[in-house]
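Structure first, then comments.
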Amino acid sequence: MSAASEIWDEKSKNYPKFNGDLNEMQKNAIEILSNFGCDFNDKILIDIGAGTGLYSLYFAKFCKFVTACDISKDMLEILKNSAKKFKISNVNTILGEFSKLNFKQHFDIAFLSMSPALQNEDDFKKFCDLADNHIYINWQNPRKSSLLANFINPQKRNPYKTTQKFTEFLDKKNINFKSEIFKETFTRKRSLQATFENVSWHLKINEIKINENEISKTLQTLADEYGEIKDKIETCIKVIVY
């Protein structure tokens, strides 16, 4: 088990699960895809960095078949359990790091959303070769968090800085694409324990040494009278279709 898979297994404990619908951010992304003329009906789709299946299981309602690929076995286990719960039978899973997997099948659509699976030009080319049509949704700018700003310099956060590199790759290869950027601002409220786990995870993925006592002391000062902490989050997301 790699360090990357372990950290995403840990994240799976608090990661959203498929509930039969999409959240607001996902609905915005789907609306953009609809405006771009993306058609999922009767298609064979691969979802790279599928996580708990928030998109994979949604697309399964339209697609002929969906393959969900992720580095985290725990994320994929949640996906499979959700598929059973919602009686979705046209989804399978592949466990592994994208760069090390050999895909024998060619797909109608290669899809990626908010995943660090693609890191370099070899990954970009592999993603391009996977399918006839491609959808890439990822951070345009680092996500701003009022909570994490207490622990991590926003300019030093790792927001999966691949969107610009991916766009430059498409330009260099003369691949025509459509793109749109959208922003969201929302507030989340968590318990002290959930907030502690969230902060600790983000420090780990940003390779920042964790001091549990310092985290706890800071969180105590941020908690309200009910022991909960608000986190204002601002996102900037780019959708690329080609």
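The values are calculated or read from the model by the stated rules, or taken from the named source; none is laboratory data. Computed from a predicted structure; not experimentally measured. Using ideal geometry, Cβ is built from the backbone for each residue, glycine included, and neighbour counts are taken over all protein chains shown. For the accessible areas, the whole protein counts, side chains as well, though only heavy atoms, and no ligand, DNA or RNA atoms are used. Shrake-Rupley method; radii C 1.70, N 1.55, O 1.52, S 1.80 Å.
Odds and ends about this structure:
- For the range 211-242, the tally of residues that are in contact with a Lys or Arg (Cβ under 7 Å, 6 or more places away or on another chain), more than 30 Å from N176 (Cβ to Cβ) and aliphatic (A, V, I, L, M) stands at 2.
- Selection over the range 51-68 of residues that are assigned to a helix (DSSP H, G or I) and either open to solvent by 10 Å² or more (accessible area, probe 1.4 Å) or among the basic types (K, R) (or both) gives a count of 1.
- The range 180-191 residues that are in contact (Cβ under 8 Å) with a residue 24 or more places away in the chain, paired with ones that are surrounded by 12 or more Cβ atoms within 10 Å (Cβ to Cβ) and among the hydroxyl-bearing types (S, T, Y) (beta carbon under 9 Å, 6 or more apart): F182/T235; K183/T235; E184/T235; T185/T235; F186/T235; T187/S146
- Every residue from the range 204-242 that is without any contact (Cβ under 8 Å) to a residue 60 or more places away in the chain and either touching a helix residue (DSSP H, G or I) at 6+ places or on another chain (Cβ under 7 Å) or within 30 Å of F127 (Cβ to Cβ) (or both): N206, E207, I208, I210, S216, L219, A223, G227
- Filter result (part of a helix (DSSP H, G or I), among the hydrophobic types (A, V, I, L, M, F, W, C) and under 20 Å from the mean Cα position of the chain (by Cα)) within the range 183-203: A194, V199, W201, L203
- The number of residues in the range 91-111 that are in contact with an Asp or Glu (Cβ under 7 Å, 6 or more places away or on another chain), touching a residue at least 60 places away in the same chain (Cβ under 8 Å) and either farther than 13 Å from I46 by Cβ or open to solvent by less than 30 Å² (accessible area, probe 1.4 Å) (or both) comes to 1.
- Here G37 does not fit the description of being open to solvent by less than 30 Å² (accessible area, probe 1.4 Å) and either in contact with a Ser or Thr (Cβ under 8 Å, 6 or more places away or on another chain) or not acidic (D, E) (or both).
- Yes/no for M114 being at negative phi and surrounded by 13 or more Cβ atoms within 10 Å (Cβ to Cβ): no
- The condition of being part of a loop (DSSP other than H, G, I, E, B) and open to solvent by 10 Å² or more (accessible area, probe 1.4 Å) holds for only one of K209, K238, K165, that being K209.
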